[in-house]
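Below is one structure; the comments refer to it alone.
We did not get these values from a lab; they are worked out from the coordinates using the rules stated. Every value quoted in this text rests on a predicted model; they were computed, and no experiment measured them. No Cβ is skipped: glycine too gets one built from the backbone with ideal geometry, and neighbour counts run over all protein chains shown.
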Amino acid sequence: MIGKVAIVTGAAGGIGRGIVEVLLREGCRVAMLDWNEEAGHAAMRELTAAGGEAVFICTDVAKEEDLQEAVNQTVSRFGDIHILVNNVGTHYYRPVEQIPSDEFDRVLRTDLKGQLLLIQQVLPHLKRNQSGSIINIASVHAQVTLPGFSSYAAIKGGVTAMSRSLALELAPFGIRINCVLPGLTRNIGMDRYLSSIAADERKTREAELTRNIPLGRMAEPVEIGELIAFLASDKAAYMTGSSLVIDGGVSVRLHNDY
């Protein structure tokens, strides 16, 4: 993928940062989009310190004008776009009676509508090339879920459904669209939470969080990045419309009390 240009949203930390790290290692030039300007610039400096070319663009994916400007800046800097990774997402976990309408709308705009709007902005460049790879990040909650996750699960399910339809629509243009469904993944928020509790409690709490994961641990962001890099590469040239789960085995496990 040497020289290919990728846009990655939510790139300042967590899964997004892991994706950027792997894409840079594979030779891509990367536009890093995130709303957190300070964290975004810091991540860009750290990830390019050992080589690689990236630019940070402060972007709110819920704002169409921000997305248009981000695409324009990417093309101005790198000349083209070949890969789009729609990673950014937000979430709230609440009982259904306690979900405010504005909160649901916020998750919908960020996690689903923002993906669609950015795809619309990128498509003219991919269509001109008659090729390209789009990877939409959903969640394992699109297929299996828990109480209190109704809005999050519904919207992530929407991401997978949208991806399937777009894969059919855009296949004639040589554009592939796949969807990735991560499970529990280490991120800034998780690390901050674990570091805030006493050391003797930390190990117990992490064990509680991962007790239902057959592989016995949460994913590292770069592990998600490795799957993204594969899907974006020519090694996955015959893959489109797929939804790939990367969750350490959570979604295939029956509990003993079934």
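Observations on the structure shown:
- Computed extension gain for SER131 through GLU220, at 0.36 nm per residue and net of the alpha carbon distance, reaches 29.0 nm.
- Cβ crowding within 10 Å ranks ILE19, ILE81 as ILE81, ILE19, fewest other Cβ atoms first.
- Over 30 Å (Cα to Cα) - which of LYS113/LYS203; LYS4/LYS203; LYS63/LYS203; LYS4/LYS63; LYS63/LYS127 fall in this group: LYS113/LYS203; LYS4/LYS203; LYS63/LYS203
- The chain: calculated mean residue ellipticity at 222 nm from DSSP helix runs of at least 4, using -39500 (n - 2.57): -14000 deg cm²/dmol
- Residue order, fewest to most surrounding Cβ atoms within 10 angstrom, among TYR152, TYR238: TYR238, TYR152
- Exposure proxy order (Cβ contacts within 10 Å, fewest to most) of LYS63, LYS113, LYS203: LYS203, LYS63, LYS113
- Cut-off under 5 Å, modelled amide H: who pairs with ARG29 long-range: GLY3, LYS4, VAL5, ALA6
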